[in-house]
Every structure is written in C-alpha cells, then in structure tokens.
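**Q** This is the structure, below, for whatever I ask next.
The values are calculated or read from the model by the stated rules, or taken from the named source; none is laboratory data. Here the structure is a predicted model, which means the values were calculated and not measured. FYI the Cβ positions are ideal-geometry reconstructions off the backbone, even for glycines, and counts take in every protein chain you see. Each accessible area value is taken on the protein alone, full model and side chains, heavy atoms only, with ligands, DNA and RNA left out. Shrake-Rupley method; radii C 1.70, N 1.55, O 1.52, S 1.80 Å.
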Amino acid sequence: MEEIKPADIEKRSFQIISQILKKEYPNVVLKKEEEPIIKRVIHTTADFEYLDTLCFSHDAVKKGKEALQKGVCIVTDTQMVKSGINKKFVEYLGGEVYCFMSDDDVAELAKKQNITRAMASIDKAMTLKKPLIFAIGNAPTALIRIYELIQKNQFNPELIIGVPVGFVNVIQAKELILTLNVPSIVSKGRKGGSNVAAAICNALLYELIQR
C-alpha cells in the first residue's frame, strides 16, 4: 500500500489515470484542450467509459473558458452541482453560481404550468438577463427546456454542460442538445450525474486559475 500525504492524493490519482491510459488505452489520443476535462471526470467517477461517451462540440472548451473569464454565471439543476463547483474561483472571475430548484416561485410556476421544477428553474434563469453556462447533472427536462428556448431564439447560452444520469428521457434529451449550434459538453448514454457536471465546471476553472 502506498503511503501518500493527504495533499498529494489528487496528484497521485491523476498520475495513475495517466498510467492506465497509456497501458490500457494506447490507441486513445486525447485533444489537448479536452484532456483536463476528461481526466477530471474519470478522477471523479473512476469510469474510463467517459473516454468514449464525453462529447465536445467545436470550440466548447475554448468558449467555456472565455465565458468564465468574462464573469459568466453558472446555473445548475441540483444543489449538489452547486456545492461541488469551486464557487470561490467563479466569484474571483466575476460570476455567480445559481440553483433555483428549491425556490418557492419555481415550485409555484411548475405547479401552475404542470411542468417539472427543472423546467421552471430554466424559465427563471432566463429572467437573469445575464450570459449563462448551464451545468445539468440530474434533470433531462432541464435540457429539454433549454433546447425549446434556443429553438425559439429566446436566448443563447455560452455553454451547455449536459450530463444528467438516469433512464427516462435522458438519452433523448442529450441527443437534442447535440443537434444545437451551441457550445456543449455532453455525456452520451445514461451515465452522468451531479458530480460529473461539477467536475467539468471545475476542470474549466482550474485551467484558468492555478490552485
């Protein structure tokens, strides 16, 4: 058993990930700009399937980093995603992280319109009138609402991180996002989760700010 100092655990984990990639996936060549995001998702999940399932639209990483540097706000669909994002770094860059899922007005709107709270929370995000990154790790209906609003030309997010986990409408919602001409990072298939959404946000942030 290795003796690792607590401060070195993450560093050693990434070394192991690199070793496994070299040994077990010798034919996989990661794009330079995507590599930190993919490795951090693998670090978070210990799941190397993300090598195949994590999809990046053209310039998604570049556009996401540019938006963060300008102080973009991040809207999430769970408190877990919000908790997992390094908010100190977001705030340092001039942005904020929001999750509206437990807001009373969101619950009231969802009930009134007979829609999910996730959809209602996206509608509330629209009222911010700010550049936004969406980090969706749980609710496919949030992605569906984002898709609908973009199709209606009602707004254009800086980046969509679409990685909800589950079985009902998850695959279909992700496929909708992949059809858009909007920067996106999407995990194809059923896998994903709040931890994955937060990991992608943090990977982008850590590329901008040295910890």
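**Q** Aspartates and glutamates near LYS82 by alpha-carbon distance under 12 Å, same-chain residues fewer than 8 away left out - which ones?
**A** Of all the aspartates and glutamates, those that pass the test against LYS82 - Cα under 12 Å, at least 8 places apart if same chain - are GLU96.
**Q** Under the Kirkwood approximation applied to all pairs of distinct alpha-carbon atoms, what is the hydrodynamic radius of the range 118-211 in Å?
**A** About 13.4 Å, per the Kirkwood formula over Cα pairs.
**Q** Still on this structure: Could you give the length gained by full extension between LEU178 and ASN156, i.e. 0.36 nm per residue of separation minus their alpha carbon distance, to one decimal place?
**A** 6.5 nm
**Q** What 222 nm value per residue comes from the helices of the chain, counting each DSSP H run with n ≥ 4 as -39,500 (n - 2.57) and dividing by all residues, nearest 500 deg cm²/dmol?
**A** So the calculated ellipticity at 222 nm is -15000 deg cm²/dmol.
**Q** Show me, for the range 74-91, the HN-Hα J-couplings you get by feeding each phi into the Karplus relation (A = 6.51, B = -1.76, C = 1.60, θ = phi - 60°), rounded to Hz, glycine and proline as x.
**A** For the range 74-91, the Karplus curve yields 10, 10, 10, 9, 8, 5, 5, 4, 4, 5, x, 6, 6, 5, 4, 6, 4, 5 Hz.
**Q** Enter the accessible area of ARG117 (Å², nearest 10), with the probe set to 1.4 Å and all protein chains included.
**A** Probe radius 1.4 Å; accessible area of ARG117 about 110 Å².
**Q** Another question, then. For ASN27 and ARG190 in the same chain, what is the full-extension length gain: residue separation times 0.36 nm, less their Cα-Cα distance, in nm?
**A** This chain segment gains 56.2 nm when fully extended.
**Q** What nm value, rounded to one decimal, do you get for the distance between ASP104 and ILE4 when each label is placed 7 Å out toward the C-beta?
**A** A separation of 4.7 nm, rounded to one decimal place.
**Q** Rolling a 1.4 angstrom probe over the protein heavy atoms, how many square angstrom per residue are accessible across the range 125-185?
**A** Result: 45 Å² of accessible area for each residue.
**Q** Right, another one. Length gain on complete extension for the stretch GLU148 to GLU96, per 0.36 nm per residue less the alpha carbon to alpha carbon distance?
**A** That pair, GLU148 and GLU96, stretches by 16.3 nm at full extension.
**Q** Quick one: with all protein chains in place, what share of the accessible area of the chain is carbon or sulfur, to the nearest percent (1.4 Å probe)?
**A** In the chain, the share of accessible area belonging to carbon and sulfur is 49 percent.
**Q** Quick one: if you stick a label point 7 Å off each Cα along the C-beta vector at SER83 and LYS65, how many nm between them?
**A** A separation of 3.0 nm, rounded to one decimal place.
**Q** What's the FRET efficiency of PHE14 with ASN169 using the Cβ-Cβ distance as r and R₀ = 22 Å, to the nearest 0.05?
**A** 0.05
**Q** Could you give the C-alpha radius of gyration of the chain expressed as a fraction of 2.2 N^0.38 Å, taking N as the number of residues it contains?
**A** Scaled against compact globular proteins, the figure is 1.02.
**Q** With the other protein chains left in place, how much accessible area per residue, in square angstrom, belongs to the range 1-56 at a 1.4 angstrom probe?
**A** 72 Å²
**Q** For the pairs LYS87/LYS152; LYS70/LYS111; LYS63/LYS130, flag any whose C-alpha to C-alpha distance is greater than 27 Å.
**A** From LYS87/LYS152; LYS70/LYS111; LYS63/LYS130, over 27 Å: LYS87/LYS152; LYS70/LYS111.
**Q** Follow-up question, since we're still on this one. Along the principal axes of its C-alpha atoms, what lengths does the range 73-118 span, in descending order and rounded to whole Å?
**A** Principal-axis extents of the range 73-118 (Cα, largest first): 38, 18, 13 Å.
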